[in-house]
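Everything on this sheet refers to the single structure shown next.
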Amino acid sequence: MPKLPKRFTDFTKNYPTIAKAYKELGNAVHSAGPLNAETRALVKFAISVGARLEGGAHSHIRKALEAGVTAEELRHVALLAMQTIGFPSSMAAMSWIDDIVQHTPKKKRSR
């Protein structure tokens, strides 16, 4: 797994009880429905793109790649966003994908 952002590691170090509760909430919502890991990862990325949350998008791109989602599938999500939230937002998402994919070992990018 790629190195986690310092902001996140500092948060978990400084607020371990809150970090643990946050992780447990994530586990609970992921197991609450029928979506598989890859679909959940794409949805979480799409939500981040729609909200223009670069840090969230980066996090969800890393998690998606770990779940077996390909860079091409992530790029498809970015393209799908174009007609809903606009060309600039779609291009921002493409750049966020490149930010992570360029620093992820190739073996983690394919199924």
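Every read-out reported here was derived from the displayed coordinates using simple, explicitly stated rules and does not represent laboratory data. Everything quoted here is computed from the prediction, not taken from an experiment. For neighbour counting, all protein chains shown are included, and Cβ atoms are generated from backbone atoms with ideal geometry for every residue, glycine included.
Are there chymotrypsin sites (Phe, Trp or Tyr not before Pro) in the stretch 20-111 that DSSP puts in a loop and that have at most 11 other Cβ atoms within 10 Å, and which ones?
Numbers: sites: Y22, F45, W96; in loops: none.
Passing sites in the stretch 20-111 do not exist.
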To the nearest 0.05, the calculated FRET efficiency linking E73 and A28 through their beta-carbon distance, R0 being 22 Å, is 0.30
Looking at the chain as a GNM with Cα springs under 10 Å, which of V29, V43, V69 has the largest mean-square fluctuation?
V29
Mind pulling the angle between the C-alpha long axis of helix 37-50 and the longest principal axis of the chain? Nearest 10 degrees, somewhere in 0 to 90.
70 degrees
Using alpha-carbon coordinates, inclination of helix 87-101 to the longest axis of the chain, degrees:
60 degrees
About its Cα centre, what dipole magnitude does the chain give when the only charges are +1 on Lys and Arg Cβ and -1 on Asp and Glu Cβ, stated in debye to the nearest 20?
380 debye
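Can you tell me the convex hull volume per residue for the chain, based on C-alpha atoms, in Å³ to the nearest whole number? Before the final figure, lay out each step's value.
Values: hull volume 11.5 nm³, N = 111.
Normalising the Cα hull of the chain by residue number yields 104 Å³.
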Sequence-distant aspartates and glutamates (8 or more away, or on other chains) whose Cα lies within less than 14 Å of K44:
E54, E66, E73
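Please give the FRET efficiency for M91 paired with I47, using the beta carbon to beta carbon distance and R0 = 25 Å, rounded to the nearest 0.05. Kindly include the intermediate steps, with their values, before the conclusion.
Details: r = 18 Å, r/R0 = 0.73.
So the FRET efficiency works out to roughly 0.85.
Only helical DSSP H runs with n ≥ 4 go in: add -39500 (n - 2.57) per run for the chain, normalise by residue count and round the 222 nm mean residue ellipticity to 500 deg cm²/dmol.
Values: 6 runs with 82 residues, N = 111.
Rounded to the nearest 500, the figure is -23500 deg cm²/dmol.
Just to confirm the filter: which trypsin sites (Lys or Arg not before Pro) across the stretch 1-65 are DSSP coil and have at most 14 other Cβ within 10 angstrom of their Cβ?
Passing sites in the stretch 1-65 are K3, R52.
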